[in-house]
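Dropping the structure in here first, questions after.
A short reminder: the numbers here are calculations on the coordinates, not readings from a lab. Quick caveat, the model's predicted, so the values are computed rather than measured. As a convention, Cβ positions derive from the backbone with ideal geometry for all residues, glycine included, and neighbour counts pool all protein chains shown.
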Amino acid sequence: MVEQTLVFVKPDGVERGLVGEIFARFEKVGLKIVGMKMMHADKAHVQKHYAAHLEKDFYPPVENFITSGPVVAAVLEGVGAVSLVRKIVGGTEPHSAAPGTIRGDYAHMNYAYADGPAKAKGLRNVIHASGNEEEAKAEIELWFSKDELFDYKLLHEKHTRG
Ligand code: GDP
C-alpha cells in the first residue's frame, strides 16, 4: 500500500520558477519527499528513461526538450503514491488535462501545436510522474542511488499520546 514514485519537474517548470509550488502540492496531501536533486539529464539518461518511446515520432523533440536545461527529480512516498501522484499531475496533454491538476493549471499546450511547426521544442507539460508501480520501481533505480534516498518520519508520524 505504501508506495514510492518518481517525479521530475521538466526544464519548462524549472525555468518558470514552479518547483516550489509543485512540491508544495505534494507535501500538502501528506506525501513524503524521500529523495530530491537537481540534475542536467544527458541524452543517454533520457533514452533509458523513455526507452518505451524511442521509436515514436515525438521522441526526438522530447529528448531535445528534457536535455535543454536542468530538471528537479524527486522520489515521493505515501499510501497509493503512484496513482495519487498521477492524479495530481493530470493528463499528458496540458490542453485537455483537468483544471486543478499541475498540467491543467500551469500549462496549456496541445498535441497539434507540439506536433506542428514548433515540433522541435517538444510538448511542454511541466512534470513527469511514473505511470504505474512497475515503472516507478525502474525509474527510481535509474534516477536515484540507494544513498540518495532517506528513511525518516514526518512530524505527524512521530505524534504519540504520551
Ligand atoms: P506521460 O507519462 O503522461 O508523461 O506520457 P507518456 O509516457 O505517454 O509520454 C512521455 C512524454 O512524451 C510526455 O510527457 C510528452 O512530453 C511526450 N509526448 C507523449 N505523447 C506525445 C505526442 O503525441 N506528441 C508530442 N509532441 N509529445 C508527446
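Whether any residue in region 3-17 is in contact with a strand residue (DSSP E or B) (Cβ under 7 Å, 6 or more places away or on another chain), of a type outside the set (Val, Ile, Thr), more than 12 Å from the ligand (Cβ to nearest atom) and at positive phi is what I want to check.
No; the residues of region 3-17 include none that is in contact with a strand residue (DSSP E or B) (Cβ under 7 Å, 6 or more places away or on another chain), of a type outside the set (Val, Ile, Thr), more than 12 Å from the ligand (Cβ to nearest atom) and at positive phi.
Here is a yes/no grid of residues against (1) crowded, with 17+ Cβ neighbours inside 10 Å; (2) under 17 Å from VAL126 (Cβ atoms); (3) of a type in the set (D, E, K, R); (4) under 13 Å from the mean Cα position of the chain (by Cα):
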residue	(1), (2), (3), (4)
LEU18	yes, yes, no, yes
GLY30	no, no, no, no
VAL72	yes, yes, no, yes
ARG86	yes, yes, yes, yes
GLY91	no, yes, no, yes
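Can you tell me which residue is farthest from the ligand (Cβ to nearest atom) among those in region 93-129 that are buried (at least 20 other Cβ atoms within 10 Å of the Cβ) and at positive phi?
VAL126
Would you kindly identify the helices (runs of 4 or more DSSP H) lying entirely within region 23-129 that contain at least 2 residues that are touching a residue at least 60 places away in the same chain (Cβ under 8 Å) and within 20 Å of TRP143 (Cα to Cα)?
In region 23-129, 43-49, 81-89 are the helices (runs of 4 or more DSSP H) which contain 2 or more residues that are touching a residue at least 60 places away in the same chain (Cβ under 8 Å) and within 20 Å of TRP143 (Cα to Cα).
Among (1) buried (at least 16 other Cβ atoms within 10 Å of the Cβ); (2) in contact with a Ser or Thr (Cβ under 7 Å, 6 or more places away or on another chain), there is one condition ASP42 misses while meeting the rest; what is its number?
(1)
Please specify each residue of region 136-162 satisfying the condition of being over 21 Å from PHE65 (Cα atoms) and within 14 Å of the ligand (Cβ to nearest atom).
ALA136, ALA138
List every residue pair whose Cβ atoms sit under 9 Å apart, with the two residues 6 or more apart in sequence or on different chains, where the first one lies in region 137-162 and is over 19 Å from ALA41 (Cβ atoms) and the second, anywhere, is exposed (fewer than 10 other Cβ atoms within 10 Å of the Cβ).
Close Cβ pairs satisfying both conditions: none exist.
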